[in-house]
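The values are calculated or read from the model by the stated rules, or taken from the named source; none is laboratory data. Since the structure is predicted, the reported quantities are computational estimates derived from the model, not experimental observations. Note that each Cβ is placed from the backbone with ideal geometry, even for glycine, and that neighbours are counted across all protein chains shown.
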Amino acid sequence: MSLAALSLSGPALRRVSEAEDRPARDARWAGLMQAAQAGNSRAYETLLRECLPLLRAICRQRLREPAEVEDAVQDTLLTLHRVRHTYDPARPFRPWIAAIADRRALDRLRGLARRRGREADLDAAENLGVAGDAEKRLLSSDLRAAVKNLPESQRAALQLTKIEALSLAEASERSRMSIGALKVATHRAVQSLRRKLGGDP
Amino acid sequence: MTEPSAPQRFGPTEDLVSRLACGLRPVRRLPSPLLLLGFWTGCCLGVILLALWMLGMRHDLLRDAMGRVDLLHILSAGSVALLSGFAAFQLALPDRDRRWALLPLPAVAAWLATMGLGCVSDVARMGWAGLRPGVSLPCLFFILGLGLPLALGILWLTRHAALLRPAPVAALGGLSAAAFASIGLTLVHELQATAMVLVWHGIAVAAVTAMGALLGPRLMRRAGHADSSRSG
């Protein structure tokens, strides 16, 4: 099936053609991953972009909230990046990446269940009946709760880079996280806070 | 109001993909589980030989042929060590079936049966007095002393499992390390009261396995962080 034919087809036909092309696509993905292991960043980027719909579909089977699905996909990408040397090109690529995505989605689901279990209705009670600055205190309470609910790595990254305003190198040394992981964790922490506190994404 | 799918199509996940791909470094592919098992077995045998060189082989082993229980014990412990090591290396990979964890179970059953056989032969030889409970601290300390450093070795070899299924991998790794240590002990230490000593082997092996399962995931994550700091 050519690309031109794909672009001309409707969604249903496109799905059929994708199913037909699956073995070829899997072989291509395996090749791209092999190239990525050799350090080819273009092959890696192409591969990851092509895999995103599959990753989202897998994560959606475990998680309902679109934001949680997206976080699980990002977790999957980070995990995949760190264990990319474990892929054996002699084996199909799809089960490898699918297993990682399923594991990350399941972890996120468990984390959600734990967080919900910890949430107490009385959390905001301390703010009741306070005159004047009640709204401000509620906001700061929300912020504290949101920061508290961040994953540990994101909380540490936020603390070091934004609150203590350390350089990335210093923060990396203190947290034992790589600079790349630190950047991603900070970025995701800020995003998550914005989302929870109703700011613009 | 914006379309909900818009931020997903050009959102932070796509940014993350670009960031991960930017400046990608080549990686050395992980050897196959079989090769890793060969390396691991070689290391363990080297450590056992070193222990033999330092502590000396059992006198009765040099003088006589090995007893039936000793031989069975070494064979079954060897099977446990190899099969649990292989299962750990398989399970450490993302796409492997979780049923690999069951691989060492028949060998573990055989090992327990050997201990049972030791008890039966003791009863036949010494009567019920042969089953008198006792404490064999040297056995415990030897297996802990040899098994724990070896367990650190296999945790290092399977550290990529930290993000996938660390607990079963660490437990299987600990079991493999402890089984190798138990073989080492059998070659060094005379089994005067077979049943009792074999039971202490079992307790020590269970302790190393449990420590692997409890502490292993944390150690693996630390090793993984050290790796990612180096590779970026």
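With (1) in contact with a Pro (Cβ under 7 Å, 6 or more places away or on another chain); (2) more than 24 Å from A:Ile97 (Cα to Cα) as the list, and B:Ala167 as the residue in question, which single condition is left unmet?
(2)
Checking A:Arg110 against (1) within 21 Å of A:Glu152 (Cα to Cα); (2) crowded, with 22+ Cβ neighbours inside 10 Å; (3) more than 7 Å from chain B (Cβ to nearest Cβ), only one condition comes out false. Which one?
Against the list (1) within 21 Å of A:Glu152 (Cα to Cα); (2) crowded, with 22+ Cβ neighbours inside 10 Å; (3) more than 7 Å from chain B (Cβ to nearest Cβ), A:Arg110 comes up short only on (2).
Answer yes or no as to whether B:Ala171 is at pLDDT 85 or above and within 14 Å of chain A (Cβ to nearest Cβ).
Spelling it out, it is not the case that B:Ala171 is at pLDDT 85 or above and within 14 Å of chain A (Cβ to nearest Cβ).
Listed here are the residues, each with its yes/no results for (1) at pLDDT 90 or above; (2) small (Gly, Ala, Ser); (3) not in a helix (DSSP H, G or I).
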{"position": "A:Ala4", "(1), (2), (3)": "no, yes, no"}
{"position": "A:Ser7", "(1), (2), (3)": "no, yes, no"}
{"position": "A:Ala12", "(1), (2), (3)": "no, yes, no"}
{"position": "A:Arg15", "(1), (2), (3)": "no, no, no"}
{"position": "A:Ala24", "(1), (2), (3)": "no, yes, no"}
{"position": "A:Gly31", "(1), (2), (3)": "yes, yes, no"}
{"position": "A:Glu50", "(1), (2), (3)": "yes, no, no"}
{"position": "A:Leu55", "(1), (2), (3)": "yes, no, no"}
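When only residues in region A:61-84 that are in a helix (DSSP H, G or I) and surrounded by fewer than 16 Cβ atoms within 10 Å (Cβ to Cβ) count, which is farthest from the other protein chains (Cβ to nearest Cβ)?
A:Gln61
Return a yes/no flag: does region A:85-97 have any residue that is in a helix (DSSP H, G or I), farther than 18 Å from B:Arg96 by Cβ and within 13 Å of chain B (Cβ to nearest Cβ).
No: zero hits.
If the Cβ limit is 7 Å and pairs must be 6+ apart or interchain, which residue in region A:38-66 that is in the same structural domain as A:Pro89 (by TED's automatic domain parsing) pairs with which residue that is assigned to a loop (DSSP other than H, G, I, E, B) and of a type in the set (Lys, Arg)?
A:Gly39/B:Arg25
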